[in-house]
Structure formats: C-alpha cells, structure tokens
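Undergrad: Below you'll find the structure I mean.
FYI, it's all coordinate maths here, none of it is from the lab. Because the structure is predicted, anything quoted here is derived from the model rather than measured. Because the Cβ atoms are built from the backbone with ideal geometry, glycine has one as well, and the counts that use them run over all protein chains shown.
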Amino acid sequence: MKTSRREFIKISSAGAAGLAITGSALKLFAGKDKELEKLLKSGEVKRYPTYCEICFWKCAGWTYVNKEGKIWKVVGNEEDPHCNGRLCPRGTGGIGSYYDEDRLKKPLIRVSKNGKQEFREATWDEAFEVIASKMKKIAAEHGPECIALFNHGTGGKYFTTLMKAFGSGNITAPSFAQCRGPREVGFNYTFGETVESPERTDIINARCMVLIGSHLGENMHNSQVQEMSDAIDRGITLITVDPRYSTVASKSKFWLPIKPATDLALLLAWIHVLIYDELYDKEYIARYATGFEELKEHVKDMTPEWAYGITTIKPDIIRKTAYEMANAKPSVIVHPGRHVTWYGDDTQRSRAIAILNALLGSWGRKGGFYHPSKVSVPDFPHPEFPQPKRTWRDVYPDKYLLADEVVSTGICDASIPGLGSACNFKGWIVYATNLLAALPDQRKTIEAINNLDLLVVIDTMPAELAGYADVVLPECTYLERYDILRNSPMKEAYIALRMPAAEPMYDSKPGWWIAKQLAEKLGLGEYFPYKDMEEMLDWQLKQLGSSLEEMKKIGVKKLPQFNSKLYFEENEDVEFNTPSGKIELYSQVFADHGFDPIPVYQPHPEPPEGYYRLNYGRAPMHTFSRTANNPNLTDLMDENTLWVNPRVASEWGIENGQYIWIKNQDGVVSSFPIKVRITERIRWDSVFMVHGFGQTNKYYTRSYGRGASDTQMITNIMEDKIMGGTGMRGNFVTFLTEKPGKEVVS
Amino acid sequence: MRYAMAIDTKKCVGCSDCVVACQTENNVPIGYCRDWVVEVMNGTYPQLEIEIRSERCNHCDNSPCVRCCPTGASHIEEGGIVLVTHHRCIGCGACISSCPYDARYSHPDGYVDKCTFCHHRVVKGEQPACVAVCPTKCMYFGDLDDANSDVSKILKLRKYKTLAPEAGTKPQIYYLI
C-alpha cells in the first residue's frame with residue numbers, strides 16, 4: 001500500500017509547451033463574410049455526421065468543415081428525433097471543446113523530482129507500459145477485480161470491454177447513485193421497467209405535466225424541451241413543484257412553491273385525493289394493478305389538510321391540481337425527474353410518483369409513458385469474458401440490496417481502509433468523469449484516491465481529478481473520433497453515426513484506440529479483434545442492413561424492424577415484469593427487504609438558524625463541470641451565482657453582485673467567493689446555485705476560481721438504504737462576507 | 001418584401017442557443033454577440049412572473065443608425081434588412097450611439113457589426129441561424145408582405161409588442177406576449 005500522500009499536481013507546468021497552437025483558429029472567419037458566402041456556394045464546405053457528447057442526450061448533427069479543413073460549426077440533423085435538427089446551446093457550442101486551448105495534449109506520467117511530484121510528458125507507449133505493469137501488479141497481489149472503472153459517456157464502452165477482459169466487473173458510473181438511480185429502482189419495482197434515457201415521456205401528446213423539482217428548460221434535455229414547447233402551444237397544463245421560481249415554473253398554470261424536502265407529503269396527498277374523490281382510472285387499476293386496498297388504507301389520513309402543515313401548499317391548491325391531473329388522464333405525466341438523489345428517501349419518492357402515474361393510468365398510454373424502441377446492435381465477435389471471482393457485492397453483502405447497477409460511492413468507500421468495509425479497491429480507471437465534482441463529499445473522494453496504487457484518468461480536459469492521477473491520457477474530442485453507434489431508446493428505433501471531422505489535435509487519441517492499445521499491452525488484444533472502428537462499424541452496420549458508406553452520408557437511420565408498439569391496446573392484457581406480473585402499488589419485495597412497501601413521509605432535518613438549505617441545479621448552457629472551460633459556453637455564462645431571497649439579503653446586509661464565501665454545516669468553506677444574485681425567485685429558507693463551477697485547477701484558464709463548487713459544500717450525505725443513492729440536499733450553508741482567515745491588526 | 005421576426009416570450013426558456021448559434025454561424029469573436037437574452041422578473045415571492053426575450057437589431061423601418069452613418073456603410077438591403085458594409089465602415093460609432101436597442105458593437109477588426117438577419121442564409125431561402133436552431137421554436141421569421149409567411153400568420157393570431165416604440169424607429173422584431 002502507498003504510504004506517501006498523493007500530492008495534487010497542477011497540470012499547467014507540464015502542458016504549457018503546447019499552448020499556442022489554435023489561438024487564431026477561433027477568428028477564422030471573422031470579417032470575411034464574402035469569402036464565406038463564396039465557399040458555401042461552391043460547395044467547398046464539407047460536413048460529417050456526429051452525435052453530441054456534451055451531454056447524455058446525444059443529439060445527432062453535422063460537423064461543418066471549411067476549405068482549410070477547419071471545423072466551423074455543428075448543426076443538428078433534421079432526421080434525428082433527439083434534436084429534430086436543433087441542437088441545444090451546449091451542442092451548438094460543442095466546437096468550443098475542440099478549440100479549447102486548455103485541452104489535454106500529451107500523455108502525462110507522475111514522477112518524483114527533487115522530492116516533489118510532478119507530471120512529465122510521455123509517449124503513449126510509455127504511458128501504457130506504466131499502466132499495464134501497475135495493473136498486473138495489482139492483479140497479482142489482490143486480484144484483477146480490485147481495479148474499478150468509473151465512466152460516463154460513450155467511450156466508457158471500450159474501457160468496460162477492457163475491464164471485463166481483465167477480469168473485473170466493477171464498472172460504475174455516477175449517473176446511478178448520484179443521479180437517476182432512485183427513479184429507476186422506484187419505477188422498476190412498480191411497473192417492472194425503468195424510465196430509461198431519454199425518458200419515455202410522451203410530452204408531445206400530454207394534456208397535463210407535473211414537474212417535481214425538475215427544471216426542464218434549465219436542463220436542456222433537448223427533445224423533451226422541444227416537446228414541452230410544442231405542448232405549451234397546444235395548451236398543456238403545467239404544474240411545477242419547486243421552492244424556486246424556475247424558468248418552467250414561469251410557464252406553468254400552477255406553481256407550487258413547496259417547502260423544501262416535503263415533496264413526498266404532497267405526492268401522498270395527491271394520491272389520497274385521487275382515491276378518496278374517486279378520480280383515479282378505476283378500470284386501469286382493476287385490470288393492471290395490485291395492492292390498491294393497502295394503498296387506500298395507507299393514505300386514508302394523508303389529506304390535503306395534513307399535507308398543508310408539512311408542505312405549506314394550501315389544501316385547495318392540492319385538490320385543484322389533483323383534479324387537473326385527473327381531468328387530463330390518461331394523457332398526463334407526473335415526471336420522474338432525472339437527478340433525484342435528494343434526501344435519502346428518493347426511491348420511495350420515485351415510487352410515489354410511479355404510483356401516482358399508475359392511478360392516472362398514464363403508464364403505457366398516449367400522452368403518458370410510451371414503450372420505447374431500440375436497435376439492438378450486434379456485438380463484434382470476441383472471446384468470452386472471464387468470470388470475475390469477486391464483485392462489489394461481496395464488499396456489501398447487506399447494503400444497497402435493490403441497486404441494479406454498481407454504486408459508485410460504494411466503490412469509493414471501499415477504497416478507503418477501515419471505512420465500514422474491508423478495503424477492496426487498489427486501482428481506478430476513470431473515463432470522462434470528474435469524480436471530484438460528480439461524487440459528493442470531496443474529502444472522502446480524495447482520501448480514497450490517496451489510498452490507491454493506481455489512478456488512470458482518460459479525458460479531453462485536465463479536470464480536477466487529473467491532478468491526482470498517476471497517468472493522464474488525453475482523449476481527442478467527439479468531433480475528432482469515431483465511436484460506437486448511438487442506439488438510445490426512443491419512440492422509433494434509430495441509429496446514429498459519429499465520425500471524425502478533423503484529425504485529432506495535439507497528441508490526443510480516440511477512446512477506442514486507447515483501450516485497444518492498452519488491451520494489447522496487457523495481452524488482451526483478442527477482445528478488440530478489429531483493426532479500427534471503421535472495420536467494426538461497417539461490420540455492425542452491414543448486419544443491420546446499412547453500411548458505413550451509407551451512414552457517412554445520412555448520419556442517422558430509422559430501422560423500423562426494431563419498432564415495437566408505443567401504447568397498450570384498449571383492454572389489452574399486459575404482463576408486467578414484476579413478481580406479481582401487475583403494477584405493484586404495494587411492493588412485497590420492499591416489505592421482504594425491510595423497506596416500506598408503500599411510501600411513508602418522514603420529515604428531514606431543517607437548516608439551523610442563520611443557515612439555508614443548499615439547492616443546486618443546471619443552467620441551459622452547461623453540463624456538469626464538463627463544459628466549465630468551453631470558450632463558447634463560458635462566453636454565455638462564466639461563473640455561477642448564489643440566489644438569495646431579498647429578505648435574507650437585507651438581514652445580512654448583503655448587496656446584489658457582492659462576492660461572499662459560503663460555509664456549510666460541517667465548517668467547510670468554499671474555496672472561492674461566489675457572486676450574490678438577490679432575487680424573489682428563491683424561498684427565504686434556501687439558496688440556489690448552478691452546479692459545476694468553482695474549478696480549482698489553474699489550467700482551466702477561463703474558469704479557475706470562477707464561482708463556487710456546490711459539490712464542495714455537499715459533505716452530509718443522506719444515503720438511500722434501498723439502492724445506495726447519495727442524497728445531497730441535506731446540506732446547509734451560511735454566509736461569510738469577509739475573506740476567511742483575514743486578519744486586521746491596528 | 002418586408003422581413004420581420006416574431007419571438008414568443010411564452011415559450012422561450014432563455015437558453016441562449018440563439019446567441020451561440022449566431023456566434024458560430026457568423027464567426028462573431030468570443031466575447032461579442034449580435035443577439036442576447038433578457039429576463040425581466042416582476043413581483044414578490046410567490047406572486048411572480050418572468051418575461052424572457054431574445055433580443056437583437058430590430059431592422060427598423062425608420063432606422064437612426066442608417067440616417068446617421070457618415071459613409072453609407074450602414075444601409076438598408078432589399079426586404080428592409082439593415083446591414084453594415086464592413087469595408088466602408090470607419091468605426092466612428094455614431095450608429096452605436098443612435099441605436100435605442102444597443103444592438104451594435106465595435107468589432108475588434110475595426111468596423112461596427114450587428115445582426116444581419118443572417119442575410120447570407122435568407123437570400124438562399126434559409127432561416128436565420130437563431131431561428132433555425134431554437135429548441136423551443138419560439139422564433140418566427142419571414143416576409144410581412146406575404147400573408148402566408150410564418151411571421152404574418154403568428155402575428156394575426158397572437159398579441160404582441162415591440163421594444164421602445166416611443167423611439168419612433170418602427171422596429172421589426174415583434175414579441176408575442
């Protein structure tokens with residue numbers, strides 16, 4: 001085991017050499033409109049299909065390249081149902097990730113020099129050599145399963161193959177335990193199916209949509225926002241539950257400014273009204289559901305009057321909104337949300353949302369939740385993976401029992417000796433996720449990293465995590481590489497191609513190449529039995545009745561042979577994939593595991609005097625911390641602000657635009673000050689900030705020290721015992737108007 | 001022919017996609033923009049309302065910027081599109097001062113720049129980049145003289161307003177309210 005503490009290395013010292021390459025590229029066309037017109041007319045501008053990697057929606061588009069071979073713009077593909085020809089600001093600004101001069105440029109290896117740790121630039125072969133020898137050493141001493149993969153994004157697939165070939169099944173993504181996990185488990189144990197991504201919400205046909213803290217429009221989940229906008233044209237009734245006056249709250253017929261952390265009480269009161277005012281879909285419930293009587297008994301006393309005292313939402317508004325939903329049924333969506341790890345009872349809240357949808361008969365119905373179709377892309381033939389001897393489950397025999405994906409924070413915890421469980425993980429390979437911003441409680445993440453024998457970071461940008469790595473591998477951006485076909489589930493089955501529009505800049509390489517080379521170094525080349533992605537893609541596309549040549553021309557293709565029926569037929573008998581074969585309003589599985597079979601409201605801790613609940617969310621022009629340094633997107637928003645209610649600001653004597661530091665309940669102070677935005681749009685008991693700012697890495701020249709990091713403030717985790725979700729909204733902050741540590745001597 | 005734009009404040013979510021699409025389409029240098037988003041909030045918690053507007057040059061019928069331009073660089077093209085001929089512009093900034101919408105900026109290359117309604121696209125029958133990209137489809141562009149254009153049709157259906165009508169510039173960006 002490593003005894004010396006791992007020093008954080010600022011990548012600036014090693015990477016400075018390659019800085020000056022693209023400075024002029026951004027101004028390429030400035031002031032040359034006439035030349036541009038000529039170029040367009042002459043057809044000298046070329047375009048290449050891609051799908052976006054700036055967020056998980058993966059909209060398909062075209063990368064336009066000018067005569068000199070320089071990338072000019074990215075525009076949506078009109079045939080693609082994820083975007084309908086319209087990319088969101090992040091997709092449009094995606095070229096910024098390519099031109100960002102702060103990109104990772106060369107493989108970097110951690111070395112000790114004069115007692116100080118630093119990165120030195122290395123060749124790819126050297127980097128692979130270091131990684132392979134450390135991986136083999138860990139495998140020999142502890143077993144291959146002691147290396148885990150954290151990944152987020154398309155290229156994670158290649159590293160998944162590598163890990164499986166190596167003998168480890170410990171492959172995880174923060175998107176489960178830090179994001180949508182509770183809703184997938186909650187819906188799965190109600191309907192026997194998950195919500196999927198993109199969500200199977202039929203917004204375009206809905207007559208009513210209820211958003212519980214979900215801020216559509218500030219999160220630019222493209223086709224969802226598009227459908228919502230179309231639905232607004234058609235007069236959809238929007239009901240938004242949010243302590244903050246979100247953008248979509250301003251578009252809603254009903255905004256319910258709920259007291260934070262009480263959503264479950266509101267949901268139960270709605271269920272009460274639907275049942276006791278006999279507004280629910282009786283035929284649907286009788287045909288498809290089980291546990292109705294238990295549910296009815298359970299919510300007997302959960303009246304709107306009961307919920308009023310908890311939520312501060314008036315009983316008549318609770319009733320009125322329940323009637324709005326009922327009037328629209330079954331074309332009504334109580335939206336499952338996406339980032340739902342809030343208070344530790346999130347699976348139960350998601351269950352309540354699922355139950356509400358069941359009572360409204362919206363699952364499997366037009367204007368509710370459709371059944372998605374997905375192209376099944378054949379695997380390029382490869383040898384069988386070895387069976388891992390141990391999995392992460394062996395570390396946690398009694399925890400996270402209903403987690404159906406690997407719990408990222410569980411892997412992190414199990415990398416720290418003596419923290420609740422035996423230490424099992426000695427090496428992390430991290431693909432395209434900045435775990436210091438993605439996992440809550442940075443202190444713990446850093447402690448885990450300090451105990452690793454190997455940390456490999458593969459990314460396009462030198463995210464904060466890279467500073468802790470033993471080896472950093474620079475991936476080229478999505479505009480410079482081939483990737484696997486996109487086959488996300490949608491109303492109709494589609495595939496989309498991503499191909500490079502330019503050669504990789506600097507010494508960066510595509511993810512597939514990196515994984516394949518590393519596999520060969522480890523003697524596992526047989527698991528990557530293709531020469532390059534073109535060979536693999538062409539083989540797969542031919543199996544699907546297309547070809548690489550065709551896809552290069554069209555970018556996306558509909559494959560109707562994979563389509564299935566969107567909705568249930570009238571009076572159709574449906575076998576749900578639950579233990580009872582029915583929609584489970586009462587979950588026996590939950591009961592058997594010691595969890596509430598029907599959701600129960602429990603109060604959560606409230607902020608102490610002088611503290612405010614930290615709520616966080618998205619801005620439409622940024623994704624996670626991933627876009628924090630993108631030149632085009634920082635131009636739209638280059639720091640986050642702290643939303644403070646005017647009453648609170650006046651109590652503190654804080655002015656609009658003033659920079660303050662924030663301190664949380666555990667005494668953690670923000671590394672940087674954050675600008676105050678005094679606004680009526682936030683309740684007096686909470687504050688709000690956009691996630692992903694407060695970068696501590698100086699190599700992010702546009703975003704270093706701009707704004708504050710919400711993740712840094714999230715040290716109190718309310719764990720979801722059902723599936724390991726990390727509830728993050730039980731953190732409270734207070735204000736420091738003077739720089740911490742300042743001393744005045746007079 | 002009279003080009004105009006209508007923008008639905010009820011649908012706009014203020015995502016700024018119009019801004020970045022304009023920047024990439026027209027190679028507007030980072031740090032400058034030809035269009036921008038304004039959010040106006042009124043009320044006290046919880047009685048609140050927000051109007052979100054994507055703003056740009058209003059391509060006014062009675063355009064002070066064209067009248068005050070000493071070189072004729074600022075001029076009106078067919079369809080009422082107000083343009084600046086870069087090589088004739090001396091960068092004096094009179095037009096910037098005269099614009100009630102603050103729609104013009106000094107380009108680092110020494111001329112004044114602003115929204116062109118994507119003239120280069122419009123002449124080919126395409127929509128301006130901001131209209132084409134908008135995920136909420138809250139923008140409508142077309143010829144007011146054509147009763148069947150998107151913009152004519154929506155203005156017949158909906159209530160609208162213009163910005164700073166008191167300036168008497170006869171602006172051609174209509175905000176649906």
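Undergrad: Three principal axis extents, largest first, for the C-alpha atoms of region A:707-746, in Å?
TA: 57, 18, 12
Undergrad: Cα to Cα, under 23 Å, and not fewer than 8 places away if on the same chain: which lysines meet these conditions relative to residue A:282?
TA: Answer for residue A:282, where 23 Å is the Cα cut-off: A:296, A:300, A:320, A:329, A:366, A:582, listed by chain and number.
Undergrad: Let me know the mean shielding of B:128-139 by other chains, meaning the per-residue number of their Cβ atoms within 10 Å of its Cβ.
TA: Mean inter-chain Cβ contacts per residue within 10 Å come to 5.
Undergrad: Show which aspartates and glutamates lie in cross-link reach of residue A:253 when reach means a straight Cα distance below 16 angstrom and same-chain residues fewer than eight apart are skipped.
TA: A:230, A:233, A:242, A:316, A:324, B:49, B:51
Undergrad: From the phi of every residue in region A:502-507, what ³J(HN,Hα) in whole Hz does the Karplus formula 6.51 cos²θ - 1.76 cosθ + 1.60 yield, where θ is phi - 60° and glycine or proline is x?
TA: 7, 5, x, 6, 6, 10
Undergrad: Based only on the alpha carbon positions, what is the Kirkwood hydrodynamic radius of region A:182-232, in angstrom?
TA: 12.0 Å
Undergrad: Also, I was wondering about something else. Taking the Cβ-Cβ separation of residue A:393 and residue A:157 as r and a Förster radius of 22 Å, what is the calculated FRET efficiency to the nearest 0.05?
TA: For R0 = 22 Å, the calculated efficiency reads 0.45.
Undergrad: Pull up the cross-link candidates among the lysines for residue A:742, meaning alpha carbon to alpha carbon under 28 Å and not fewer than 8 places away within one chain.
TA: A:10, A:444, A:663, A:675, A:698
Undergrad: Could you state the number of Å between the C-alpha centres of region A:723-741 and region B:11-49?
TA: Going from one Cα centre to the other spans 30 Å.
Undergrad: List every residue whose amide H lies under 5 Å from the amide H of residue A:428, counting only residues 5 or more places away in sequence or on a different chain, with H placed 1.01 Å from N in the peptide plane.
TA: Long-range HN contacts for residue A:428: A:148, A:454, A:455, A:456.
Undergrad: Under 24 Å between C-alpha atoms is the cut-off here; go through region B:3-176 and count lysine pairs that meet it, provided they're at least eight residues apart or on different chains.
TA: Qualifying lysine pairs in region B:3-176: 26.
Undergrad: Also, I was wondering about something else. What percent antiparallel are the DSSP beta bridges of the protein assembly as shown, to the nearest 5?
TA: That works out to approximately 55 percent antiparallel.
Undergrad: Let me ask you something else. Starting from the amide H of residue A:642, placed 1.01 Å from N in the peptide plane, find each other amide H under 5 Å away whose residue is 5 or more places distant or on another chain.
TA: For residue A:642, the qualifying residues are A:675, A:676, A:677.
Undergrad: Which FRET efficiency value, to the nearest 0.05, do you get for residue A:538 and residue A:79 by plugging their Cβ-Cβ distance into 1/(1 + (r/R0)^6) with R0 = 25 Å?
TA: 0.75
Undergrad: Work out the length of the dipole vector of region A:612-736 about its Cα centre, built from +1 on the beta-carbon of each Lys and Arg and -1 on the beta-carbon of each Asp and Glu, and round it to the nearest 20 debye.
TA: 140 debye
Undergrad: State, as an integer percentage, the relative contact order of region A:54-134 based on alpha-carbon contacts under 8 Å between residues 6 or more apart.
TA: In percent, rounded to a whole number, it is 18.
Undergrad: In percent, what relative contact order does chain A have, based on Cα pairs under 8 Å that are 6 or more apart in sequence?
TA: Rounded, it is 19 percent for chain A.
Undergrad: So what's the gap between the Cα centers of region A:94-126 and region A:407-486, to the nearest angstrom?
TA: Centre-to-centre distance over Cα atoms comes out at 16 Å.
Undergrad: Another question about this same structure. Averaging over all projection directions, find the projected area of the Cα convex hull of region A:612-736 and quote it in nm² with one decimal place.
TA: Mean shadow area of the hull around the Cα atoms is 8.1 nm².
Undergrad: What is the Rg over Rh value, at two decimals, for the protein assembly as shown, using alpha-carbon atoms and the Kirkwood definition of Rh?
TA: For the protein assembly as shown, the value is 0.96.
Undergrad: For chain B, what does -39500 (n - 2.57) per DSSP helix run (n ≥ 4), summed and divided by total residues, give at 222 nm, in deg cm²/dmol to the nearest 500?
TA: My calculation for chain B gives -4500 deg cm²/dmol from helical runs alone.
Undergrad: Here's a follow-up. Pop out the ³J(HN,Hα) list for region B:108-118 in order, Karplus 6.51 cos²θ - 1.76 cosθ + 1.60 with θ = phi - 60°, rounded to Hz; leave Gly and Pro as x.
TA: Those phi angles translate into x, 7, x, 10, 8, 10, 5, 4, 10, 6, 6 Hz.
Undergrad: For region A:613-662 and region A:290-344, write down the distance between their C-alpha centroids in whole Å.
TA: 32 Å
Undergrad: Taking other Cβ within 10 Å of each residue's Cβ, how do B:59, A:221, A:604 sort, fewest first?
TA: Placing the least packed residue first, the sequence is A:604, A:221, B:59.
Undergrad: Report ³J(HN,Hα) in whole Hz for each residue of region B:24-38, in order, from the Karplus equation J = 6.51 cos²θ - 1.76 cosθ + 1.60 where θ = phi - 60°; Gly and Pro get x.
TA: Along region B:24-38, the couplings run 6, 4, 9, 6, 6, x, 4, x, 10, 7, 9, 9, 7, 10, 10 Hz.
Undergrad: Here is a follow-up. Based on Cβ point charges of +1 for Lys and Arg and -1 for Asp and Glu, what charge dipole magnitude is obtained for chain A about its Cα centre, in debye rounded to the nearest 20?
TA: Magnitude of the dipole: close to 1740 debye.
Undergrad: In debye, nearest 20, what is the charge dipole magnitude of region B:65-114 about its Cα centre with +1 on Lys and Arg Cβ and -1 on Asp and Glu Cβ, if you could check?
TA: Rounded to the nearest 20 debye, it is 140 debye.
Undergrad: Under a crude label model (7 Å from the Cα following the beta-carbon direction), how far is residue A:293 from residue A:650 in nanometres?
TA: 5.8 nm
Undergrad: Once the cut-off is 19 Å, how many percent of the Cα-Cα pairs in region B:3-176 end up in the long-distance tail?
TA: Taking all Cα-Cα pairs of region B:3-176, the fraction more than 19 Å apart is 57 percent.
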